[in-house]
Amino acid sequence: MKQWWKESVVYQIYPKSFADSNGDGIGDIVGITEHLDYLKELGIDVIWLSPVYESPQDDNGYDISDYQKIYKEYGTMEEFDRMLLEAHKRDIKIVMDLVVNHTSDEHKWFKEHPEYYIWKDAKDGKEPNNWGSNFGGPAWSYDEKMDQYYLHCFSPKQPDLNWENEALRNEIYEMMTWWLDKGIDGFRMDVISMISKDQNFPDGELNGLYGDHQPFVCNGPRVHEFLKEMNEKVLSKYDIMTVGEAIGTTIEEAKKYAGEDTNELNMVFQFEHVEEIGEKIIGKWTDKPIPLPELRSCLNKWQLELEGKAWNSLYLDNHDRPRAVSRYGNDSPMYRVVSAKMLATCIHMMKGTPYIYQGEELGMTNAYFDHIEDYKDIETINAYREYIENGLITEEDMMNCIKTIGRDNARTPMQWDKTKHAGFTTGTPWISVNPNYLGINAKDALKEKDSIFYYYKELIALRKKHPIIVHGVFEPLLESRKDIYAYKRVSGDQELIVVCNFTEHETKCGLFEERAGGKRLISNYKTHKKGILKPYEARAVLYEKNI
Ligand code: TEU
Ligand code: CA
């Protein structure tokens, strides 16, 4: 089948924060349908829709209690079907979020099929091992009725599924088939690298208060067997796109998950450039910037080592990350727009499928809320409490870390216009709107021809127009520079040179002057200074070789 997902640009919608159509302060499916023309204008090809299934919302829908029902606050299955139809009418595909490493503890399976989950006897009267949960506390909770502990790598309301159980696997495959037969266009697979656990469940290395479970749950012994089975029984039967959120993956594992001929998935999200690099204070938490050399060596490695072997996902932003322009660019009034465009150029001219997170096309920024009460994310609230109560970090440092990388930074409501609550809702939003919506909103962006929105639109259009952007081989340039990220793409007799100044200072760079005859495809400045890059200047120039 044609690998259309290699030429596509994906837009992620976090439904709770996208658009509220009925004034209850919660985004919903009708709100998405009402904004499909906005996405058509942007030019995206695929929507990755974060979970809309029935859920008690302990983790904003990543805790599913019924895979084949729509969460009542998001709407009805009929409204979902209409959204799907309206998207397809606009040549926009819909990829659903598949969360099958765990369910909600309110899923009927948890009571009716305990064997679908991971239960262990107490060890010395307490948890079976020292693993911590990603959301604080131990990764095990005791159940009186079972007189055993069950595993939850996330919240106690998100019990991990036991993929060793074939009946469970077949229930998952049936559910996937049901959704694919409805006509959806694929799946983003939540923490799919975690579905095969080391069956010895050994203690992990102490990391803060608990043992690290990642080495024993990521890239486990049977993960590729399970994914090959899923591919053979379900995925291979449809013309769809699949992307695995492969937390903890390495290059070698990614080549298996997303290999051209491994019959598992089409591509993966790796976490190295968004979570693993950079100086940390505790766990993932930091208020430190990510140095360009670390970001570049990480992204270059993934570009070079997957070449010809597997397909990259290109992203800086999603519902779990801080806003890209705040994390990697400069969200000050002076440099927000130009640095957002620079980051977009850097990512979209690389090899792989680009993902745009809702609001990234507007240059939406971190929220920087000052009080923990303003944050809603279970991960943030639990980390704040656990780390401060145990004296592992000061309240001030923790708040700085939350302002820097807390997940709610990406979950403040979409900023549609200047009206109250940024036009997201006529009610009270479930989380506060970023007060800067008066200057950062879609309505203004659509009226401003030099807006970040139209810059993304241009990048997306370029990808359609120039095959070198999809297929050109990636080659690093200027790798020793601490201020410039440069690379080229090579395809036949064409070379595309991309140069991005990641700093607020002018800097020398003669790369473009060394060559004649280039055709500038895109730049975030109208004028240029010979041999100089302006603050956060980005340029992509196409050359025909042998000139
Ligand atoms: O995220 C995987 C995950 O571990 C993230 O929560 C992230 O690594 C964490 O925030 C530390 O940075 C997926 C979903 O994207 C996330 O929203 C869910 O909370 C999580 O799985 C559980 O389903
Ligand atoms: Ca609503």
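The values are calculated or read from the model by the stated rules, or taken from the named source; none is laboratory data. Everything numeric here is computed off the predicted structure, so don't read it as measured data. Glycine gets a Cβ as well: all are built from the backbone with ideal geometry, and neighbour counts include every protein chain shown. Remember, those area values only see protein heavy atoms, side chains included, never the ligands or the DNA or RNA. Shrake-Rupley method; radii C 1.70, N 1.55, O 1.52, S 1.80 Å.
Quick notes on this structure:
- Selected residue (only one of I452, I497, I460 is surrounded by 14 or more Cβ atoms within 10 Å (Cβ to Cβ) and out of contact with any helix residue (DSSP H, G or I) (no Cβ under 9 Å at 6 or more places or on another chain)): I497
- Positions within the stretch 124-143 being among the hydrophobic types (A, V, I, L, M, F, W, C) and not in a strand (DSSP E or B), in sequence order: F135, A139
- Flag if Y454 is touching a residue at least 40 places away in the same chain (Cβ under 8 Å) and under 30 Å from E41 (Cβ atoms): no
- Checking each residue in the stretch 347-401 for being touching a Phe, Trp or Tyr at 6+ places or on another chain (Cβ under 6 Å), away from ligand 1 (no atom under 15 Å from the Cβ), of a type outside the set (A, V, I, L, M) and assigned to a helix (DSSP H, G or I) picks out only E361.
- Cβ pairs under 7 Å, 6+ apart, first in the stretch 3-22 and open to solvent by 10 Å² or more (accessible area, probe 1.4 Å), second within 15 Å of ligand 1 (Cβ to nearest atom): K16/N60
- Filtered residues of the stretch 299-331 (kept if hydroxyl-bearing (S, T, Y), in contact with a strand residue (DSSP E or B) (Cβ under 9 Å, 6 or more places away or on another chain) and either outside the structural domain of I440 (by TED's automatic domain parsing) or not in a loop (DSSP other than H, G, I, E, B) (or both)): S313
- Odd one out for G137, checked against (1) at positive phi; (2) open to solvent by less than 10 Å² (accessible area, probe 1.4 Å): (2)
- Test result for I388, closer than 27 Å to K16 by Cα and either in contact (Cβ under 8 Å) with a residue 24 or more places away in the chain or not hydroxyl-bearing (S, T, Y) (or both): no
- In the stretch 415-434 there is no residue matching the filter, namely being buried (at least 20 other Cβ atoms within 10 Å of the Cβ) and over 28 Å from L49 (Cβ atoms).
One line per residue, one yes/no per condition, for (1) of a type outside the set (D, E); (2) at pLDDT 95 or above; (3) under 23 Å from Y485 (Cβ atoms):
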residue: N207; (1), (2), (3): yes, no, no
residue: G211; (1), (2), (3): yes, yes, no
residue: Q214; (1), (2), (3): yes, yes, no
residue: V217; (1), (2), (3): yes, yes, no
residue: H224; (1), (2), (3): yes, yes, no
residue: S236; (1), (2), (3): yes, yes, no
residue: E245; (1), (2), (3): no, yes, no
residue: L265; (1), (2), (3): yes, yes, no
residue: E272; (1), (2), (3): no, no, yes
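- Meets criteria (more than 16 Å from ligand 2 (Cβ to nearest atom), charged (D, E, K, R) and without any contact (Cβ under 8 Å) to a residue 40 or more places away in the chain) for E396: yes
- Residue match in the stretch 44-55 (condition: assigned by TED's automatic domain parsing to the domain that holds T242, of a type in the set (V, I, T) and open to solvent by 30 Å² or more (accessible area, probe 1.4 Å)): no
- Restricting G31, G75, G25 to those that are touching a helix residue (DSSP H, G or I) at 6+ places or on another chain (Cβ under 6 Å), among the small types (G, A, S), open to solvent by less than 40 Å² (accessible area, probe 1.4 Å) and in contact (Cβ under 8 Å) with a residue 12 or more places away in the chain reduces the list to G75.
- Single residue of the stretch 144-158 satisfying the filter (open to solvent by 10 Å² or more (accessible area, probe 1.4 Å) and outside any strand (DSSP E or B)) that is farthest from ligand 1 (Cβ to nearest atom): D147
- Taking first residues from the stretch 230-245 that are in the same structural domain as E171 (by TED's automatic domain parsing) and partners that are assigned to a loop (DSSP other than H, G, I, E, B) and among the acidic types (D, E), the Cβ contacts under 7 Å between residues at least 6 apart in sequence or on separate chains come to N231/E264; I240/D185; M241/D185; E245/D190.
- Some residue of the stretch 84-98 being surrounded by fewer than 19 Cβ atoms within 10 Å (Cβ to Cβ), more than 29 Å from K464 (Cβ to Cβ) and more than 16 Å from ligand 2 (Cβ to nearest atom): no
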